[in-house]
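Structure, as structure tokens:
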Amino acid sequence: MVANTSSRPELKSVGRGCRISGYASLFRVVDDSRDIVEPGAFVKSLTRRSPRDIRMLFQHDPGQPIGTWHVVREEPRGLYVEGWLAPGSERAAEIASLLRAGAVDGLSIGFRALKAKTDRARKTRKLVEIDLWEVSVVTFPMQPMARARLDDGTGPAGNLAVRRQALTAQRVREAARQLLN
């Protein structure tokens, strides 16, 4: 399995704030907890909540808000988010540094399953309707493809290096999984 960089969050520095964008959840992908998010799962939640009502947290910790989401929408591929790390926040500046260093490189959703179907044979749960509360920047996302890709002004060469590192890390994780199975 090869990492698809278009599903990766993107970080752009503008002034003292940083913009993050990417896919926080991908449709029809089995995650590490055996959940599969179905297209349309977020629609009702997104009509009830504006993007600013969906919190941007660090590691799903409600005590660590780090910015605000300005765009949260379903696309054919999954849940797309775009927002800003809080300018002037030391914690947000620290998160930006961690993202640039590759120490933290994922997005993950915090939610409550409202409608789900269990497939006992495949040992999976299809999430049909989700009440979305927050999207976090995390170290270990449940969906391995929800990884960070940084665009901090280094241009195509810098981005290519980040993509190569992400691909190498993904291949190492997959090799380790195969050895453990």
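FYI, it's all coordinate maths here, none of it is from the lab. Bear in mind that the values here come from a model prediction, so they are computed numbers and not experimental data. As a convention, Cβ positions derive from the backbone with ideal geometry for all residues, glycine included, and neighbour counts pool all protein chains shown.
Laid out as a table, the results:
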| read-out | value |
| --- | --- |
| Directionally averaged shadow of segment 51-107, computed from the convex hull of its alpha-carbon atoms, nm² | 4.2 nm² |
| Segment 69-119 - percent relative contact order, Cα under 8 Å, separation 6 or more | 19 percent |
| Fewest-first ranking of Val81, Val137, using other Cβ atoms within 10 Å as the exposure measure | Val81, Val137 |
| In Hz, Karplus ³J(HN,Hα) per residue of segment 21-30 (6.51, -1.76, 1.60; θ = phi - 60°; x = Gly, Pro) | 8, x, 9, 7, 8, 10, 6, 6, 10, 6 |
| Spin-label model distance (nm) - Arg73 vs Glu38, 7 Å beyond Cα toward Cβ | 2.4 nm |
| Nitroxide proxy distance, nm - points 7 Å out along Cα→Cβ at Arg48 and Arg91 | 2.5 nm |
| Length added when fully stretched, Leu98-Leu114, from 0.36 nm per residue minus Cα-Cα | 2.4 nm |
